[in-house]
Amino acid sequence: MSKMFSKHSEKIILIKKVLKEFFFSFAWLGIILLIVDQITKVCAEAYLVEGERVVIIPNLLNFTLTYNTGAAWGMGGNEIWSRILLCAISWIVMIIIFYILIRYYKKLNLLYRAILMLILAGDIGNLIDRTFFFNRGVIDFLDITPLIPGFGIFNFADSCLVVGIIILIIYFIVEYIKELVKEGKANRKALENSTKNTENPAKSELKNENTIINDSEELIDDNHKKDE
């Protein structure tokens, strides 16, 4: 009975440990974002008519179904070489992110992990369309041209990619500034220590001179007393 209870406790501890690791890996975030992207694309294709604009929020957001065979905002057009290149880039980005997550997982802080999962979800979301629906292209339907004319139509995966990259850039800038501040403090401290070290020998020499003078005066006084 005690052995069964012990095994049961070990299983519970193991499950808790796995769930904790899963939570702090932010893999759940990437999975949720990817699912949202795929569901919204399926719904857009099922309920929207290509090219037809549906007003969701007046002067802000429309749903307009389009099939994008290029990059963001249709860059690259319908050229076969650009479609193959974009597909290859998506796969390369995915492999690089997975490599970073596996190779340097323990060294990555929580914010960095979350950012990488955000970018990974966006990349895989469009990678699925570019790889498995090569001729059709990527489904785009989010249209904010009423707010920003000429901005272009995009999807949820694009949003994840752009937001993730922006946050990553800000993260690197902040970390770079922190390093500069840290380096500046270290240099300042080293300079202060160097200044103290240069001042100490001078004080030591002055002290030695005063000691010699005092000893000489005492010796003269002793000689006077002996003469008397």
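Could you count how many residues in the stretch 16-27 are in a helix (DSSP H, G or I) and either surrounded by 13 or more Cβ atoms within 10 Å (Cβ to Cβ) or of a type outside the set (A, V, I, L, M, F, W, C) (or both)?
The number of residues fulfilling the criteria is 6.
Find the residue count for the stretch 123-142, including only residues that are assigned to a helix (DSSP H, G or I), closer than 18 Å to Tyr67 by Cβ and not acidic (Asp, Glu).
Matching residues across the stretch 123-142 total 7.
Given the condition touching a strand residue (DSSP E or B) at 6+ places or on another chain (Cβ under 6 Å), at pLDDT below 90 and polar (S, T, N, Q), answer yes or no: does some residue in the stretch 60-70 qualify?
Checked against the condition, which is being touching a strand residue (DSSP E or B) at 6+ places or on another chain (Cβ under 6 Å), at pLDDT below 90 and polar (S, T, N, Q), the stretch 60-70 yields at least one hit.
Please pick out the residue among Arg103, Arg130, Arg136 that is basic (Lys, Arg) and touching a helix residue (DSSP H, G or I) at 6+ places or on another chain (Cβ under 7 Å).
One residue alone meets the criteria, Arg130.
Anything in the stretch 102-132 that is under 27 Å from Tyr47 (Cα atoms), exposed (fewer than 15 other Cβ atoms within 10 Å of the Cβ) and without any contact (Cβ under 8 Å) to a residue 40 or more places away in the chain? List them, or say none.
Phe132
In the list Gly137, Gly122, which residue meets the criterion of being at pLDDT below 95 and under 15 Å from Ser90 (Cβ atoms)?
After ruling out the rest, the residue left standing is Gly137.
Pairs under 7 Å by beta carbon, first residue part of a loop (DSSP other than H, G, I, E, B) in the stretch 143-160, partner surrounded by 21 or more Cβ atoms within 10 Å (Cβ to Cβ) and charged (D, E, K, R), six or more apart or different chains?
Once the first residue is part of a loop (DSSP other than H, G, I, E, B) and sits in the stretch 143-160, its partners that are surrounded by 21 or more Cβ atoms within 10 Å (Cβ to Cβ) and charged (D, E, K, R) give Asn155/Asp37; Asn155/Lys41; Asn155/Asp140.
Quick check: is even one residue across the stretch 81-96 in a loop (DSSP other than H, G, I, E, B) and surrounded by fewer than 16 Cβ atoms within 10 Å (Cβ to Cβ)?
no
The values are calculated or read from the model by the stated rules, or taken from the named source; none is laboratory data. The model shown is predicted, which means the values in this text are computed figures rather than measured ones. Backbone-built Cβ (ideal geometry, glycine too); neighbour counts: all protein chains shown.
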